[in-house]
Amino acid sequence: MNKRTQWSVLSIATGLAAATLTGCGTEDGDSGSGASVVVGMSDDVQTTDPASGYDPGSWLLFNNVYQSLLSFPVGSTEPEPEAARKCGFTDTRTQVFTCTLRDGLKFSNGNELTSADVKFSFDRTLRINDDAGPAIMFPMLEKVETPDERTVVFHLNVPDATFPSKIASGAGSIVDRREYPADKLRTDGKAVGSGPYKLDSFSKERAEFSRSGSYKGPAEIKNSRVVLRLFDGDQPALKKALLAEDVDVAYRGLEAQDIAEIERDTSTGSGIDIVPGTSAEVQHLVLNMKHPVTRKDGVRKAMAYLIDREALVQQVYDSTAAPLYSIIPAGITAHNTAFFDEYGSRPEPEKAKKALRDEGITEKVDITLWSTPSRYGPSTDKEFRAIAEQLNASGLFDAKVRSVEFAEYEKGIAAGEYGVYVKGWVPDYPDPDNFTQPFFGKGNVLENEYENRVITEEIIPATAAENDRSATSGDYAKLQNAVARDVPIIPLWQAKQYAVVRDRVYGLENCLDASTVFRFWEISKG
């Protein structure tokens with residue numbers, strides 16, 4: 001799997017119900033009880049080594065076991081000090097970033113954490129450069145210096161105002177230089193970090209975490225232990241475990257229909273609660289700009305005129321998602337509704353027909369929509385069949401759906417065999433850069449042969465260098481409008497996040513937000 005493919009692995013929704021977890025009520029509960037909490041998840045944890053992991057399950061582990069220099073506070077998209085006491089750009093071009101560490105930091109094994117460990121962690125990630133790792137997030141990182149044990153200086157080769165957000169993510173996890181090889185991955189399933197929890201055991205089915213007595217940072221830990229049960233994509237088994245009270249929290253992976261069913265049952269006193277939240281998870285229809293069918297502007301525009309997002313989210317997702325009309329989702333700086341403005345919200349068969357006729361196309365367009373059964377959510381195949389029906393109902397398309405397992409699917413995309421396919425995205429950090437640069441920058445993850453030099457060479461570098469993120473809105477509007485005109489992708493939906501939780505589990509409203517950080521330490525059980 002190449003790096004452009006792997007960049008998207010973190011950004012894949014394994015289940016639509018990627019939970020913003022909110023407890024059964026909003027009170028704090030008995031945080032002093034220190035009770036153990038069991039969390040069930042359908043995602044896998046691919047690795048315990050942050051030089052490799054680039055998937056939602058692995059980053060969940062990283063965010064609780066390792067510290068980064070910065071972290072995202074509850075409900076905030078602005079990173080604040082975590083292992084660092086302070087951080088900031090120390091030149092006017094956002095190319096030198098300096099952090100001072102907290103005093104007395106220790107790893108869970110008792111070893112002292114110093115600037116040497118921070119440098120080692122970043123150098124190691126870049127040196128290993130694992131295909132399944134986050135090294136691709138740091139092409140701008142030229143070198144890391146450590147003037148003393150408490151100071152870390154990052155030198156960037158280009159201005160990047162989003163660098164603080166990148167190091168606040170799982171990609172910035174700090175490892176103990178005495179415990180990790182400098183040039184290869186750790187594969188023993190163990191982890192040594194300085195975060196709120198230590199990893200006691202790990203297997204494909206289960207991971208156990210206990211409170212770390214050496215942690216120093218802003219997190220206030222409200223339980224003594226967390227057990228993470230891994231259901232390997234088996235949504236029915238996760239639902240069964242929740243109903244049997246074998247798990248306290250179901251996180252990532254219940255089907256939309258299950259959520260809707262459970263939500264209807266909550267009024268009967270089932271002992272289960274569901275609370276919705278916000279999410280920056282998105283899904284797109286990707287169009288190959290060099291495929292014999294979809295390279296034609298008229299075909300892509302006709303599809304944009306015919307797709308009914310409202311019907312999709314109602315019929316396929318039981319309204320557990322919201323229609324998305326641009327590449328930057330609602331809730332993220334610079335979001336607009338470029339596709340709504342360009343193509344409307346309801347099917348426009350006559351406009352679609354004109355787009356095809358202007359292209360010289362008078363026959364039905366024979367097209368295949370490529371899907372994969374679970375990687376982007378358990379309802380993806382059903383969704384694609386619904387999209388095919390919408391296209392065919394116009395009388396302008398003869399659309400079919402093919403679904404293949406993920407490994408074959410990725411090979412087909414890389415080979416340029418597919419004209420239309422699906423990509424899901426869960427952001428690495430909550431900034432518009434993370435919804436644009438990976439898709440339209442150099443070496444983009446979509447692999448759809450879209451080239452727009454204004455976007456790649458002007459807008460992306462300019463927005464990356466702007467320290468005032470609110471000042472980027474004008475440039476990002478130009479980018480979103482250009483994408484709507486060119487139609488290299490068609491945004492489909494933005495997830496609504498949900499938690500499914502047992503009674504007397506509290507604090508989960510703080511466990512997931514637009515930052516994508518699931519905070520074990522916020523959960524308490526009465």
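The values are calculated or read from the model by the stated rules, or taken from the named source; none is laboratory data. Just so you know, these numbers come straight off a predicted model, no measurement behind them. All Cβ positions, even for glycine, are placed from backbone atoms using ideal geometry, and neighbour counts span all protein chains on display. Note: areas computed on protein heavy atoms with side chains; ligands, DNA, RNA excluded. Shrake-Rupley method; radii C 1.70, N 1.55, O 1.52, S 1.80 Å.
Could you please find all residues in region 391-416 being farther than 26 Å from Ala311 by Cα, open to solvent by 10 Å² or more (accessible area, probe 1.4 Å) and in contact (Cβ under 8 Å) with a residue 24 or more places away in the chain? Correct list: Glu405, Phe406, Glu410, Ala414, Gly416.
Here region 485-521 is the region considered, the condition is being in contact with a Phe, Trp or Tyr (Cβ under 9 Å, 6 or more places away or on another chain), at pLDDT 90 or above and of a type outside the set (A, V, I, L, M, F, W, C), and the residue that is surrounded by the most Cβ atoms within 10 Å (Cβ to Cβ) is Pro491.
The single condition among (1) assigned to a strand (DSSP E or B); (2) of a type in the set (D, E, K, R); (3) over 30 Å from Ser470 (Cβ atoms) that Arg85 does not satisfy is (3). Close Cβ contacts (under 9 Å, 6 or more residues apart or on different chains) running from residues in region 117-132 that are closer than 9 Å to Val144 by Cβ and open to solvent by 30 Å² or more (accessible area, probe 1.4 Å) to residues that are among the acidic types (Asp, Glu) and outside any loop (DSSP other than H, G, I, E, B) comprise Lys119/Glu145. Of all residues in region 187-200, none are assigned to a helix (DSSP H, G or I) and either touching a Leu at 6+ places or on another chain (Cβ under 9 Å) or at pLDDT below 95 (or both). If I filter region 331-370 down to residues being more than 19 Å from the chain's Cα centre (by Cα) and hydroxyl-bearing (Ser, Thr, Tyr), which single residue comes out as nearest to Val426 (Cα to Cα)? Looking at residues that are more than 19 Å from the chain's Cα centre (by Cα) and hydroxyl-bearing (Ser, Thr, Tyr), I get Thr337. Taking region 249-290 as the range and being open to solvent by less than 40 Å² (accessible area, probe 1.4 Å), modelled with pLDDT of 75 or more, of a type outside the set (A, V, I, L, M, F, W, C) and within 30 Å of Ala414 (Cα to Cα) as the test, the residues that pass are Arg252, Ser279, Glu281, Gln283, His284, Asn288.
Among residues of region 88-116 being assigned to a loop (DSSP other than H, G, I, E, B) and among the polar types (S, T, N, Q), the one that is farthest from Ser194 (Cα to Cα) is Thr92.
Within the bounds of region 465-473, is there any residue that is touching a residue at least 60 places away in the same chain (Cβ under 8 Å) and either basic (Lys, Arg) or within 20 Å of Glu281 (Cβ to Cβ) (or both)? The answer is yes; a qualifying residue exists. Within region 32-86, the set of residues being more than 28 Å from Tyr376 (Cβ to Cβ), of a type in the set (Asp, Glu), surrounded by fewer than 24 Cβ atoms within 10 Å (Cβ to Cβ) and in contact (Cβ under 8 Å) with a residue 12 or more places away in the chain comprises just one member, Glu80.
Residue-by-condition table, conditions (1) among the basic types (Lys, Arg); (2) closer than 25 Å to Ser76 by Cα; (3) more than 24 Å from the chain's Cα centre (by Cα):
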| position | (1), (2), (3) |
| --- | --- |
| Arg177 | yes, no, yes |
| Ala182 | no, no, yes |
| Asp188 | no, no, yes |
| Arg206 | yes, no, no |
| Gly213 | no, no, yes |
| Ala219 | no, yes, no |
| Lys239 | yes, no, no |
| Leu243 | no, no, yes |
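Thr92 meets all of the listed conditions (1) polar (S, T, N, Q); (2) free of Cβ contacts under 8 Å to residues at least 60 places away in the same chain; (3) buried (at least 17 other Cβ atoms within 10 Å of the Cβ) but one, namely (3). Residues in region 309-330 that are more than 20 Å from the chain's Cα centre (by Cα) and either open to solvent by 20 Å² or more (accessible area, probe 1.4 Å) or hydroxyl-bearing (Ser, Thr, Tyr) (or both): Glu310, Gln314, Gln315, Asp318, Ser319.
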